[in-house]
1. Please enumerate the residues belonging to the range 87-102 that are without any contact (Cβ under 8 Å) to a residue 12 or more places away in the chain and either surrounded by 15 or more Cβ atoms within 10 Å (Cβ to Cβ) or assigned to a loop (DSSP other than H, G, I, E, B) (or both).
2. Name the pairs: first residue in the range 219-246 and in contact (Cβ under 8 Å) with a residue 12 or more places away in the chain, second residue polar (S, T, N, Q) and buried (at least 17 other Cβ atoms within 10 Å of the Cβ), Cβ to Cβ under 6 Å, at least 6 apart or on different chains?
3. In a loop (DSSP other than H, G, I, E, B), surrounded by fewer than 20 Cβ atoms within 10 Å (Cβ to Cβ) and small (Gly, Ala, Ser): does that describe residue 197?
4. Is there a residue being of a type outside the set (A, V, I, L, M, F, W, C), out of contact with any His (no Cβ under 9 Å at 6 or more places or on another chain), buried (at least 16 other Cβ atoms within 10 Å of the Cβ) and on the phi > 0 side of the Ramachandran plot anywhere in the range 103-115?
5. Determine whether residue 183 is in a strand (DSSP E or B) and either within 28 Å of residue 6 (Cα to Cα) or over 18 Å from the mean Cα position of the chain (by Cα) (or both).
6. Among what's in the range 171-210 and is within 19 Å of residue 242 (Cβ to Cβ) and of a type in the set (Asp, Glu), pick the residue that is modelled with the highest pLDDT.
7. May I ask you to verify whether residue 253 is among the small types (Gly, Ala, Ser) and surrounded by 21 or more Cβ atoms within 10 Å (Cβ to Cβ)?
8. Quickly run through the range 224-250 and pick out the residues that are part of a loop (DSSP other than H, G, I, E, B) and crowded, with 22+ Cβ neighbours inside 10 Å.
Amino acid sequence: MKPLRKAIFPVAGLGTRFLPATKSIPKEMLTVVDRPIIHYSVEEAIEAGCEVMIFVTGRTKRAIADYFDRSPDLEAELEAKGKTEALEIVRSIIPPHVKCIFVRQAQPLGLGHAVLCAAELIGTDEPFAVLLPDDLIDGVPKGALAQLAEVHRRTGKAVLAVEEVPTSQVHQYGIVKPKDASVTPLELEGIVEKPTAKDAPSNWSVVGRYILTPDVMEALKTQTPGAGGEIQLTDAIARCLPSGQFLGHAFHGKRFDCGNKRGFLEANTHFGLK
């Protein structure tokens, strides 16, 4: 299998929890300190070795493409005024060797469908990463995706970022069933989307970082709607689990759920003080 080089960012959501701001600003462009939320995830993917960033967007997300594009007028003005530090900041948003591709998700049919929208850009012999920008992770000593990439390179298996959550919160997440919770990385033998506390196979939740193998993309092509009437990435992964090629990695670092206001505020405080 080819090395990990491509990362998918599903960013077509409406961001209704942050209305009215998200009426005109994509939620991924809300800033944590001095840069948009999406910028942190892209930096994380680049650190992990990804060179192709695939953004699955909606019709209101033009600002994301503009942000990662070059801005000749701005650069020329900064250069003319001798603002070299600001010029370097603008030019370094995307390194020269990194390519950005934008794909439209015409209808919000679920995370699995969003990932499937990028299928034509993923080869049948290459792994791919999926990063959910709402999960902003301050990885230690390196980014969460780089941690997953190390496990993937060592094992050749798909790797999901996981963390333990209180039993009262399992209904909010995809929850995995590890073969042996005392062995790391976790060998996964089950996964279910947003189970009740009674039905949850563990309290290990899936966080918004995945390194997936081509069989998952193939499964998505025939995946039927699941929880919420949406095509769930979790369901496609579950269909592939019998292969025994899926691991859960408990990443080192701190996660902030920027999909809600409290998590967004906590992230600003954390990164601001840092």
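The values are calculated or read from the model by the stated rules, or taken from the named source; none is laboratory data. Just so you know, these numbers come straight off a predicted model, no measurement behind them. All Cβ positions, even for glycine, are placed from backbone atoms using ideal geometry, and neighbour counts span all protein chains on display.
1. Step one: filter the range 87-102 for residues without any contact (Cβ under 8 Å) to a residue 12 or more places away in the chain, giving 88-89, 92, 96.
Matches in the range 87-102: 92, 96.
2. Close Cβ pairs satisfying both conditions: 226/232; 231/223; 235/223; 236/223.
3. Values: in a loop (DSSP other than H, G, I, E, B): yes; surrounded by fewer than 20 Cβ atoms within 10 Å (Cβ to Cβ): yes; small (Gly, Ala, Ser): yes.
The answer is yes for residue 197.
4. Yes.
5. No.
6. Taking the candidates together, the pick is 187.
7. Criteria not met by residue 253.
8. So the first thing to find is which residues in the range 224-250 are part of a loop (DSSP other than H, G, I, E, B), and the list is 224-226, 230-232, 244-245.
Across the range 224-250, the qualifying residue is only 232.
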